[in-house]
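We did not get these values from a lab; they are worked out from the coordinates using the rules stated. From a predicted model like this one, the values you see are computed outputs, not experimental measurements. For neighbour counting, all protein chains shown are included, and Cβ atoms are generated from backbone atoms with ideal geometry for every residue, glycine included.
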Amino acid sequence: MVDMLRKNEGGLWSGTFQAISYVAPAATAASFLVEETLYVGASTTFVFLLALIGVSSAMYMNYVFSGKISHAGGYYAYVRAGLGPKWGIFSGWLYFVNILGALAGFAVLFFAGVLWPLIPQLASNPFGWIPLAFIPLVLILVLLYRGLKPSLKYTIIGGLIEVTTLIIISLAIIIRLGSHNTLIPFTPHGNSFGNLGLATVYSILGFVGIGSVITLSEELHEPKKTVKKSIVVGMLITAVVYVLVSYAMVAGWGINKIASFSSATDPGFTVVDNYFGPIVMIIFIIVTLNSFLSNGIAEGNAFSREGFALARDGIVFPKSLATVHKKFGSPNKIILIEWVVIVAMTLVGGLIFGPFEGAAIITAVNGVALYIVHILANFSLPIYGKKTLKLKMKGLLPLALGPLLATVVYAFAIYGEFVPIPPFPGNVAPYSIIAAVLVGIVLTVVLIYKKHASDMDIIGTEQDHIKEEAIGEK
């Protein structure tokens, strides 16, 4: 008998800050913003706005599906709902790759890469980043294993402090800029189509974590209402923060010398130090580092629920691993196995490429994997509306057109990753994406061949845990 995840473990603000912590705006300002300026210079705010439009369209799909389906597998349940179990398996694998890469690349390696230069005793040692990487690794393991409530409490408190600090610092920089404020960051400013595409890969990654709340839908109070509200509130808060932070950092650095932003060590910290001095900079550093930690916890919540759902359906993991800790209510076996995989990926990526470059490569892989899953879910939505909801043309049009812009933006971001394929080590990401897709195809074919028709039918559906709930009520 498959274990059940605990219900009513959180409400609206738990879901909202799960989304915001996954987004991690302070950590993004310290990491992805550096990558974006490398490609598009001062036009980072423009790229964030471009991503915001696409992600808003994408969240329409999440919004509609979350009001109909509550499933720990999140996107793969959405894809399965319209496109069937075969595509559900494939998207389940890619979503697994996405969150694995997000954890190892962003929450762990970027954390170590940002903190490493700040500690002289470790900065001179080529392996000095390794003990720093285990700070988020250990915290993630402990909080996830002890259940959802401790994790959500951490993300709510940390998220409130983070958002408030970012807004105050950004507004203060903008006010102090005075007549030096400019509209250039809000324009393409002569950037090529390809460069904008590459930058979009990173800027979209800065937003799409809002959808992670769907993986907690089996555990939140009144999930079909709570998840929808969490998506909307999380989007609004994140949009305000990103526009303010991206502009303040670029304009605060100086448009005429923005080329040096991407090559500087922790340029966001430098901007804050220049405007406010060391005390405020230290506060900003602490908030940023905690942003990585909160992000890792939020990603860990999503990763463990995704892994649990996959195990429950016999995808990637055997069903015997779909267990829940009797005291803490956490998917304990999945958490332990996934943690070992995250540690291995962190060490391999960091030792080969270094923590910062390794993080950039891994997050590019996880980003494209997520874009593919989102595109599949976008196509799944109108089909689900026709097949399951029995909607007519008038009702189907919003389901088809609402996510359309997101599909275009995601396709644009994928294009930017592959055209042109950069030289080594930048080419590791696109080739790894191709490998992940091929593995997903093989996995799908093998499971189709091995599973009985009845097992295929319940993949990505609510049937398994609904049956268990019914048995429990009896």
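Summary of values
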| read-out | value |
| --- | --- |
| The chain: relative contact order in percent, alpha carbon pairs under 8 Å with at least 6 residues between | 36 percent |
| Extension reserve of the Ser179-Val445 stretch, reckoned as 0.36 nm per residue once the Cα distance is removed | 89.6 nm |
| Per-residue [θ]222 nm for the chain (sum of -39500 (n - 2.57) over DSSP H runs n ≥ 4, rounded to 500) | -24000 deg cm²/dmol |
| Rounded tilt (10° steps) of 404-418 against the dominant C-alpha axis of the chain | 60 degrees |
| Principal-axis tilt of helix 129-145 within the chain, Cα atoms, nearest 10 degrees | 40 degrees |
| Full-extension gain in nm, Arg6 to Thr388, via 0.36 nm per residue minus C-alpha separation | 134.7 nm |
| Lys387, Lys327, Lys333 arranged by Cβ crowding within 10 Å, fewest neighbours leading | Lys327, Lys387, Lys333 |
| Residue list for the range 271-314, given a label point 7 angstrom along the Cα-to-Cβ vector of Lys68 and an amide N cut-off under 19 Å | none |
| Whole-angstrom gap from the range 78-117 to the range 1-74, using each part's C-alpha centre | 12 Å |
| Separation of alpha-carbon centers, the range 162-192 and the range 341-360, rounded to whole Å | 32 Å |
| Burial ordering of His452, His374, fewest other beta-carbon atoms within 10 Å first | His452, His374 |
| Simple spin-label estimate for Val340 and Thr323 in nanometres, 7 Å along Cα-Cβ | 1.4 nm |
| Cα-based equivalent ellipsoid, the range 329-459: semi-axes from gyration tensor eigenvalues, Å | 32, 23, 14 |
| Total formal charge among the other residues, if their Cβ is under 10 angstrom from that of Gly426, Lys/Arg +1 and Asp/Glu -1 | -2 |
| Inter-label distance, nm, simple model (7 Å from Cα along the C-beta direction), Val138/Thr270 | 3.2 nm |
| Full-extension gain in nm, Asn125 to Asn256, via 0.36 nm per residue minus C-alpha separation | 43.7 nm |
| Zone residues, the range 69-87, relative to Leu404, backbone N less than 16 Å from point 7 Å out along Cα-to-Cβ | none |
| In degrees, nearest ten, helix 44-66 long axis to first principal axis of the chain (Cα) | 20 degrees |
| Which of Ser304, Ile119, Val34, positive extreme of dipole for the chain (C-beta unit charges) | Ser304 |
| Size of charge dipole - the range 12-473 - debye, nearest 20, with Cβ of Lys, Arg +1 and Asp, Glu -1, no other charges | 1100 debye |
| Ranked Phe424, Phe284, Phe106, Phe412, criterion: other C-beta atoms within 10 Å, fewest first | Phe424, Phe412, Phe284, Phe106 |
| Net +/- balance of residues flanking Ala364 in space, Cβ distance below 13 Å, scoring K and R +1, D and E -1 | -4 |
